[in-house]
Amino acid sequence: MIMKGILGLILQLVGLFLVVAFVFSLINYFFGWHLGMKGQEVPADPGAAFMFLGIGLVSVGGGYLLDRKKATKNES
């Protein structure tokens, strides 16, 4: 049960970082900025940006589904 929660948290964090990479990639593309971390630039490519967004949303959704608890009949 704990491992399932940790995996859900990791998936949600990876998804969050990929959505941030989507935003950085579009900013790099439209404004010509060189956003990145420790000398590594996020690609300024719209195709890569939308792949980041797609994979990020799937990761966040998967993490959400793993962390969701099943409701029982006795709970109100």
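Where a number appears in this text, it was derived from the coordinates with a stated rule and is not lab data. None of the values given here were measured: they were computed from a predicted structure. Neighbour counts run over all protein chains shown; Cβ positions are idealised from the backbone, glycine included.
Tabulated values for the structure
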{"quantity": "Ranked list, fewest to most other Cβ atoms within 10 Å of each Cβ, for F50, F22", "calculated": "F50, F22"}
{"quantity": "Which label in [x] 1.45; [y] 1.09; [z] 1.04 gives the computed Cα Rg over 2.2 N^0.38 Å", "calculated": "[x]"}
{"quantity": "Mean ellipticity per residue at 222 nm, deg cm²/dmol - from DSSP H runs of n ≥ 4 across the chain, formula -39500 (n - 2.57)", "calculated": "-24500 deg cm²/dmol"}
{"quantity": "Degrees, to the nearest 10: 2-31 long Cα axis against longest axis of the chain", "calculated": "20 degrees"}
{"quantity": "Principal-axis tilt of helix 46-67 within the chain, Cα atoms, nearest 10 degrees", "calculated": "20 degrees"}
